[in-house]
Amino acid sequence: MYLEYYGLREAPFSITPDPRYVFLSERHRDALAHLLYGVGKGGSGGFVQLTGEVGTGKTTLSRLLLEQLPDNTQVALLLNPKLSPVEMIETVCEELKLDIAGKRGSLKGLTDTLNTYLLDAYAQGLRIVLIVDEAQNLSLDALEQIRLLTNLETPTQKLLQIILLGQPELRDMLMRPELRQLAQRITARYHLTPLDAAETEAYVKHRMAVAGCQRAPFSRLGMRALYQRSSGIPRLINVIADRALMAGYAREQQSIGERLVDRSADETLPGHARYWVRRYARWVVAALLLLALIGTGLWMQQRDSQQAVEVEPPPASIPAPVEDGAATLAARLAEAPETELSAATTLLSRWQVGSSEASVRAATRCPSIIAAGLHCLRGRGTLEQVVRFDRPVILILDDAGKPAYALLLGAGAGRVRVDLAGDNIELPREALGRFWSGDFIAIWRVPTAINGPLRVGDAGPAVAWAKQSLSQLDGGADGESGPAYFDTDMEERVRKLQLAYGIQADGIIGPETLFALSALDETGPHLIRNIK
């Protein structure tokens with residue numbers, strides 16, 4: 001009904017997973033990279049776990065995964081996890097089109113048939129993947145049976161790769177002591193969070209553009225209300241936005257504002273009355289607290305006029321409260337520390353490096369040059385030095401004597417934000433020191449012409465790029481117009497750069513200096529700074 005009115009060819013907010021409308025936020029790209037890594041780059045038959053709230057896009061990602069799997073991959077998709085262990089193995093065999101006549105109901109017969117098939121597939125160079133959707137609904141017996149499937153192996157290779165998709169309850173399930181063997185076999189895990197406000201706006205504009213609309217009809221306040229009422233969950237954005245477009249058409253409003261979005265959300269979302277209570281309750285509570293404080297102040301003033309009271313300071317022995325972010329990080333590390341492979345996958349995805357460009361395992365070895373134009377550095381420094389590079393880096397944490405890995409996403413004056421298995425955790429700078437002693441891994445892009453250190457006497461495109469980058473620091477001296485030659489003047493400029501970044505000032509563009517030069521480039525990922 002509203003299509004022609006808003007200049008649309010088709011409905012932009014259908015909840016069916018049309019691949020043309022797929023919008024991948026940074027977190028969605030990271031999650032997809034984890035799935036692709038788990039299937040194709042060294043998952044070695046372990047589990048890959050993807051969790052997220054309802055409607056955040058897990059099913060969409062699984063469909064994208066199916067479209068990008070190599071030709072030598074066969075997939076068994078388990079959509080109904082509420083099955084007994086025997087029924088589950090039967091379903092897996094049916095998905096792989098195995099002949100199980102006369103073996104139904106026999107766990108041993110079904111497992112033997114599956115094992116024989118997996119060995120034959122391995123001999124043919126095939127990779128078999130089992131994807132379990134809504135895995136939080138699996139019974140403990142079914143989860144244990146799935147774990148046992150990973151015991152099907154050759155002396156050097158697991159025969160079955162398993163991907164578990166589920167809601168956040170799946171993470172809680174896997175923390176149970178009786179499932180610790182399964183949890184220890186998870187080689188990559190990611191928690192998919194909703195879109196933020198900026199991503200919600202980009203998501204809406206993307207879908208409107210695909211549907212043929214040149215300008216999204218939502219006003220600035222309308223877009224803000226759409227984000228607030230949907231909490232950034234794509235499925236809810238679709239439901240509210242579709243109803244808002246219908247309401248705007250009925251009222252002949254070219255611009256859809258906050259009130260229309262709120263009214264549409266009230267009509268489509270359950271518990272909308274509770275939303276308004278939550279929305280205004282804080283003001284009521286604040287007013288009541290203010291009245292209580294005024295009353296308390298008057299009473300204390302009257303009491304103090306009658307009798308002076310000395311208030312003793314709290315004992316120094318009372319420990320300061322533990323910061324929530326530090327406690328969350330400690331809990332996540334205790335639950336299942338992020339692996340180096342998984343952290344490297346996340347960092348590579350932020351640089352939009354596909355598996356065809358560089359092996360994730362090569363990245364974890366961290367040679368100075370992973371691939372043409374992709375460099376790596378294992379370094380050590382203070383948080384101030386690392387933050388000065390202004391690039392996401394992998395922090396090597398200490399988890400009770402064992403290494404764990406988190407991705408530094410941002411840093412403010414007093415707090416930092418890290419990514420641990422898809423969870424964004426904020427904590428005070430000083431609290432990070434409980435887990436991190438200074439070791440980090442950096443991966444970044446530079447022009448392919450750079451294939452080693454640069455020093456006095458060198459010339460060519462690599463030196464030209466370095467000069468152009470230096471001009472961003474010292475005001476453009478010898479920028480693009482200067483000769484592509486590394487002379488003593490350029491050496492002095494390199495020393496100044498090294499001093500600014502706390503690098504040994506030797507005048508040579510080695511790995512650390514090259515990383516510092518890349519930080520001067522606006523392209524690629526940078527650290528988030530507006531963390532308070």
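For 83, 341, what ranking results if the residue with the fewest other Cβ atoms within 10 Å of its Cβ goes first? Please report the intermediate quantities before stating the final value.
Working: 83 17, 341 21.
Ordered from fewest to most neighbouring Cβ atoms within 10 Å, 83, 341 come out as 83, 341.
Any of 58/205; 108/158; 103/158; 58/97; 82/402; 82/205 with alpha carbons more than 30 Å apart? Name them for me.
Numbers: 58/205 21 Å; 108/158 19 Å; 103/158 24 Å; 58/97 26 Å; 82/402 37 Å; 82/205 38 Å.
Where the Cα-Cα span goes over 30 Å, the pairs concerned are 82/402; 82/205.
For segment 198-236, which trypsin sites (Lys or Arg not before Pro) pass both filters: DSSP loop (anything but H, G, I, E, B) and at most 15 other C-beta atoms within 10 Å?
When the trypsin sites (Lys or Arg not before Pro) of segment 198-236 are filtered for loop state and at most 15 Cβ neighbours within 10 Å, 215 remain.
How compact and how long is segment 338-494, expressed as Rg and Dmax of its alpha-carbon atoms in Å?
17.6, 54
Based on the alpha carbons, how large is the Rg to Rh ratio for segment 1-80 when Rh follows Kirkwood? Spell out each step's value before the answer.
Details: Rg = 15.9 Å, Rh = 14.9 Å.
Radius of gyration relative to Kirkwood radius: 1.07.
If I histogram all Cα-Cα distances within the chain using bins 10 Å wide from 0, what percent of pairs lands in each bin?
3, 15, 20, 22, 20, 13, 6, 2, 0, 0
Taking the Cα atoms of segment 65-169, what is the range of coordinates along each of the three principal axes, in descending order and whole Å?
37, 36, 25
Where a Cα-Cα gap under 26 Å defines reach, which lysines qualify for residue 496, not counting those fewer than 8 residues away within the same chain?
Result set, ordered by chain and number: 467.
What full-extension length gain, to one decimal in nm, is calculated for residue 252 and residue 220 as 0.36 nm per residue of separation minus the Cα-Cα distance? Display every interim value, and only then the final one.
Numbers: separation 32, 0.36 × 32 = 11.52 nm, distance 1.85 nm.
Once the chain is fully extended between residue 252 and residue 220, it gains 9.7 nm.
Can you put 117, 5 in order, fewest other beta carbons within 10 Å first? Provide the component values of the computation, followed by the final result.
Details: 117 20, 5 15.
Result, fewest neighbours first: 5, 117.
Here, each number is a calculation from the coordinates, and none is a lab measurement. These numbers come from a predicted model, not from an experiment. Note that we place each Cβ from the backbone using ideal geometry, even for glycine, and neighbour counts take in every protein chain shown.
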